[in-house]
Amino acid sequence: MQQRSPALNIVLILTCCGVLLDAEAEELRFDSAEAWRVWHIPAGVVEFDAEGALRLQRFERQVNAVGDAGAYRHQTKEREIVRGGIWQGRSNRAAAVRAIDGDMQTIWQPDPADGARNWLIEIDLGRVVLAQEVVVRFPDRPGARPFRQFKIFTSDGRRFRGRSDDIFIHQEVYSTSLPNRQTEIRIPLAYERADTLQALDASVDLAAVGAFLPVQYVRLEADALSEDAALAEIEVMAVVGNVAPGAAARGGGLRSGEQARSMENAVDGDMDTQVAFRRGIIAESWRASSMWMQLDLGATFWVDRVFLSPMRAGFGLTLAQRFFAEGENAGLQPLLPNGETSSGYSHFYYAFAPRKIRHLIVHALDGLSWGGGVGELMVYAIGHPAEVVLRSDFIDLGQVAGDNRQKAVAGMSWDAELPPGTRIRLRSRSGNSLRQEYAFYDRKGEIISQLSWTNLPKVLRGPIDSTVVTGGDWDEWSNIYQVSGEPFKSVTPARLLQLEAILSTENPQVTPVLRSLSLDFSDALVQRAQGRILPRQAAPNQSVRFSYGLWPSGDGQDRGFDRLRMEVPGPIAVEAVTVAVGGKRVTPVEVRVEADSLLFITLPAPVRNDSVRIGFAVGVLRNATVFSLHLGDTRRSDIWQFVNPIERYADVVFLPELIGRDKLIGNLEVYPAVFSPNNDGINDTVEIRFAILKAQVAQPQVKIRDLAGRLIAELARDGHRGVVAYRWDGRDARGLVVAPGLYLFDVDLRAESGDGRAVRSVAVVY
């Protein structure tokens with residue numbers, strides 16, 4: 001079974017991350033390449049500089065594909081798995097590697113005794129590339145002269161039909177006509193049949209894209225012996241940035257309908273293998289016909305080219321930045337809206353303006369059924385990736401500190417470089433338990449149920465994979481951290497946590513840089529704290545007397561708490577706030593409210609095990625309002641410990657009257673109904689006030705219009721949380737006082753659903 005060990009993850013963190021200890025706090029820090037490597041980083045899209053800073057990798061447009069041929073492995077018929085490099089050298093084989101070492105001073109010379117037919121060298125690029133030029137370089141010095149008569153052949157890696165050996169189809173791309181005396185020969189490559197290179201955007205210059213030829217093997221053959229013949233280098237200048245083969249290593253991969261077989265062949269860099277599509281059923285959509293294949297690149301790239309070979313007519317190509325759920329087309333954009341109907345081509349090549357792409361789907365046209373297959377699918381990225389998601393291993397703070405106790409995280413800090421158009425979004429989540437999740441496979445590699453796996457004969461059973469996942473006590477991923485050093489947004493204290501960093505850019509030419517990331521944490525104030533709000537139901541926008549009960553549990557090592565911080569839905573009267581500790585009324589040292597949303601209470605003495613009860617009155621505007629409570633310590637102002645609800649929804653107040661209602665605007669008032677903006681100090685302005693009901697994400701917009709509906713002015717918000725207010729001074733957008741008459745307040749919450757529009761009138765007089 002394949003299993004990731006949480007203990008191993010922790011060991012890596014302890015080894016690679018700096019842990020700074022002092023009497024009050026500890027720091028977990030990621031600021032080196034070694035420390036970052038314990039994160040789950042998609043392969044091939046992130047790089048580190050000498051100082052350990054993390055940045056998005058850059059994809060170039062053209063390089064010498066021979067230079068990194070050795071980095072690619074592929075399956076052969078006769079030699080099993082091999083690396084790219086020298087495929088064959090019939091003469092002086094040991095020195096053949098000198099022709100691809102990037103050094104013009106080292107040379108390969110064949111032995112004259114072997115005869116001209118054996119003066120042959122062939123290079124395996126390790127994968128098929130879209131080659132644009134072959135460059136042959138010769139030395140010209142005593143004892144080492146250019147080949148006089150020779151030919152250059154290329155192959156895309158396809159074998160003669162029916163062959164079971166490594167005999168590939170080659171084509172001649174160059175031949176000397178006169179004895180050669182040049183030291184450098186550049187051979188442009190172009191597809192010999194009708195090319196399908198198409199520009200899908202008007203801004204694309206096909207001449208700049210250039211011609212190409214699929215190439216995996218390059219061969220030089222001598223036509224005749226020549227004195228001191230020598231070869232210095234062979235280069236293959238190719239379009240690079242194909243991000244399809246590394247999709248699985250980045251956490252992406254391939255999925256398909258039932259009629260697709262051997263999907264991995266589409267991105268294996270081998271033109272001789274194919275994805276086989278069996279003829280499906282004629283259906284209403286390409287999904288229903290099962291004639292489709294989806295590639296998840298594992299990250300979002302700026303893609304500007306796609307190549308498919310071979311492919312038969314009658315298919316569609318769909319791209320998406322995000323793919324939301326199986327069976328849904330949300331977020332998908334057709335690259336070929338009418339499908340490709342041309343016939344007689346062995347490949348299709350499309351160029352377009354760079355766009356954000358993570359998912360690509362090859363599919364039959366709606367309602368169509370066809371057989372055939374996909375040979376190679378190449379997806380070319382340019383510049384830096386558009387978005388990459390990095391996640392840490394599960395971090396055990398108790399093990400980092402060495403005491404195996406829960407820890408309270410104060411905040412998250414980071415050092416980053418953000419050129420215009422780039423972002424780094426950081427999130428966190430926390431919990432106290434992990435569990436193992438199992439996946440059962442049959443011999444074909446398909447996931448089946450545990451019961452089906454158990455009932456299969458042993459010879460038909462596949463492997464069992466196990467993965468360590470979060471337990472049921474983990475919270476959801478937090479909101480995005482906005483400023484370095486801000487308080488930790490996940491539930492704390494906790495034993496375990498996980499971090500996420502999303503690096504993105506709107507300009508493929510620039511990248512964000514994350515130099516370091518650190519967490520400040522300390523011992524929990526108490527080992528456990530649970531709470532509950534009563535009553536659990538209320539009427540909308542009506543002042544209700546609430547009681548919040550808190551039950552902490554600490555031991556002799558806990559320092560306790562003497563501060564409380566509660567999120568409240570609106571203004572409250574601090575003089576009406578009451579506090580009881582251990583069932584006895586106490587007088588707080590301080591009670592204050594910040595921004596009408598945070599209630600702070602300082603207790604007269606630290607508390608570890610005694611119950612605490614808080615009484616206050618407030619109006620609730622939104623259904624399912626959460627009353628979150630945190631514990632603090634006047635001796636450590638940076639630590640706030642979350643209080644868990646004693647049961648599900650124990651910290652939530654519901655508004656039954658709002659359930660099933662679409663109305664989102666309540667208590668709308670305009671005062672005064674008639675005003676005179678003449679700057680005499682009496683009724684010079686008018687105010688509109690209202691409450692936002694239910695809408696969790698509302699962006700109110702208030703505009704002044706005349707009776708004909710023409711826009712006069714747009715107002716800025718001048719109110720508080722929950723109940724909002726807008727003020728108008730009787731001037732239009734140019735700053736001029738409007739004429740007397742009747743005007744309209746146009747209120748629009750811009751909510752996704754529900755009744756979020758309202759209109760009220762106001763009279764202007766002088």
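None of the figures in this text is laboratory data; all of them are computed from the coordinates on show. What you are looking at is a predicted structure, and each value in this text was computed from that prediction instead of being measured. Positions of Cβ are backbone-derived with ideal geometry, glycine not excepted, and every protein chain shown enters the neighbour counts.
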Between L197 and residues 5 or more places away or on another chain, which pairs have amide H atoms under 5 Å apart, with H built 1.01 Å from N, and which residues are they?
-> Y349
Per its Cα gyration tensor (rounded if a/c is under 1.5, else prolate when a/b beats b/c, else oblate), the range 528-658 is best filed as prolate
Using θ = phi - 60° and Karplus 6.51 cos²θ - 1.76 cosθ + 1.60, couplings along the range 235-250 (whole Hz; Gly, Pro as x) | 10, 10, 7, 9, 5, 10, x, 5, 9, 5, x, x, 4, 5, 5, 8
Which of the following values of mean projected area of the Cα convex hull in nm² was calculated from the structure shown: (i) 44.4; (ii) 38.7; (iii) 46.0?
-> (iii)
Would you please put 644-657, 402-415 in order of how densely packed they are, using the mean number of other Cβ atoms within 10 angstrom per residue and starting with the highest?
-> 402-415, 644-657
What ranking do 623-632, 40-49 get when scored by the average of other Cβ atoms within 10 Å per residue, highest first?
-> 623-632, 40-49
Report the label-to-label distance for S637 and I682 in nanometres (one decimal), using points 7 Å from each Cα along the Cα→Cβ vector.
-> 4.9 nm
The range 607-621 - phi-based ³J(HN,Hα) in whole Hz, Karplus 6.51/-1.76/1.60, Gly and Pro as x | 10, 10, 10, 6, 5, 10, 10, 10, x, 6, 10, 7, x, 10, 9
For A229, which sequence-distant residues (separation of 5 or more, or a different chain) have an amide H within less than 5 Å of its own amide H, given hydrogens modelled in the peptide plane?
-> R145
Long-range amide H partners of I712 with built H, under 5 Å | I704, R705, D706
Just give me a number: lysine pairs in the chain, eight or more positions apart or cross-chain, with C-alpha atoms less than 24 Å apart.
-> 7
Scoring the chain by relative contact order with C-alpha pairs under 8 Å, at least six apart, yields a percentage of 10 percent
Distance in nm between pseudo-label sites at D706 and L178 (7 Å out along the Cβ direction from Cα) | 8.5 nm
Rounded to one decimal in nm, the spacing of the 7 Å Cα→Cβ label points at R261 and D748 is 5.6 nm
Helix 6-16: angle to the longest alpha-carbon principal axis of the chain, degrees 0 to 90, nearest 10?
-> 80 degrees
Quick one: of the DSSP bridges fully inside the chain, what percent are antiparallel, nearest 5?
-> 95 percent
If you plug each phi of the range 375-386 into the Karplus form 6.51 cos²θ - 1.76 cosθ + 1.60 with θ = phi - 60°, what whole-Hz ³J(HN,Hα) values come out, in order, with x for Gly and Pro?
-> x, 10, 10, 10, 10, 9, 9, 10, x, 7, x, 6
Pulled fully out, how much extra length does the chain show between Q557 and L206, if you take 0.36 nm times their separation in residues and subtract their Cα-Cα distance?
-> 119.2 nm
Would you kindly work out the equivalent ellipsoid of the range 497-586 from its C-alpha gyration tensor and give its semi-axes, the square roots of five times the eigenvalues, largest first in whole Å?
-> 39, 24, 12
Assuming R0 = 45 Å, can you tell me the calculated FRET efficiency for the pair V765 and A617, based on Cβ-Cβ distance, to the nearest 0.05?
-> 0.70
For peptides 510-518, 94-102, sequence by mean Cβ density within 10 Å, most packed first | 510-518, 94-102
Quote the FRET efficiency, to the nearest 0.05, computed for R37 versus E714 with a Förster distance R0 of 41 Å and r equal to the Cβ-Cβ distance.
-> 0.20
